[in-house]
1. Within the range 28-54, track down each residue that is at pLDDT below 95, charged (D, E, K, R) and closer than 17 Å to residue 14 by Cβ.
2. Does residue 6 count as part of a loop (DSSP other than H, G, I, E, B) and among the basic types (Lys, Arg)?
3. With the structure loaded, tell me whether residue 15 is at pLDDT below 95, at negative phi and not in a loop (DSSP other than H, G, I, E, B) or whether it fails that test.
4. Among the residues of the range 18-63, count how many are assigned to a loop (DSSP other than H, G, I, E, B) and loosely packed, with under 13 Cβ neighbours inside 10 Å.
Amino acid sequence: MKFKIKYTKLGNQFFFISNLTNWHFSCEKEYNEIWFKKIGNLNEEEKKVLKQFAKILNKYGFKKKNKIT
């Protein structure tokens, strides 16, 4: 069996930003620590936007609302 794995720029950006929000238990705090060492600390505006994005992620999460049967 062969797998072809594709990583997209958009997918990586989503993972990076959603992980920074710490919105879910699966977010990796260790990744954030490494990223902050590379990118520096967030400013107040960035923190505010991440909190807003976390609210959106919490609202929609991983739930399937419309199951197709």
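The values are calculated or read from the model by the stated rules, or taken from the named source; none is laboratory data. Being a predicted model, the structure only gives us computed values, none of them experimental. Positions of Cβ are backbone-derived with ideal geometry, glycine not excepted, and every protein chain shown enters the neighbour counts.
1. Selection gives 28 alone.
2. Numbers: part of a loop (DSSP other than H, G, I, E, B): yes; among the basic types (Lys, Arg): yes.
Judged against the criteria, residue 6 is a match.
3. Numbers: at pLDDT below 95: yes; at negative phi: yes; not in a loop (DSSP other than H, G, I, E, B): yes.
Here the answer is yes, as residue 15 does meet what is asked.
4. Here is the first cut: in the range 18-63, the ones assigned to a loop (DSSP other than H, G, I, E, B) are 22-28, 40-43, 61-63.
Narrowing further to those that are loosely packed, with under 13 Cβ neighbours inside 10 Å: 25-26, 28, 40-41, 43, 61-63.
Residues flagged as assigned to a loop (DSSP other than H, G, I, E, B) and loosely packed, with under 13 Cβ neighbours inside 10 Å within the range 18-63 amount to 9.
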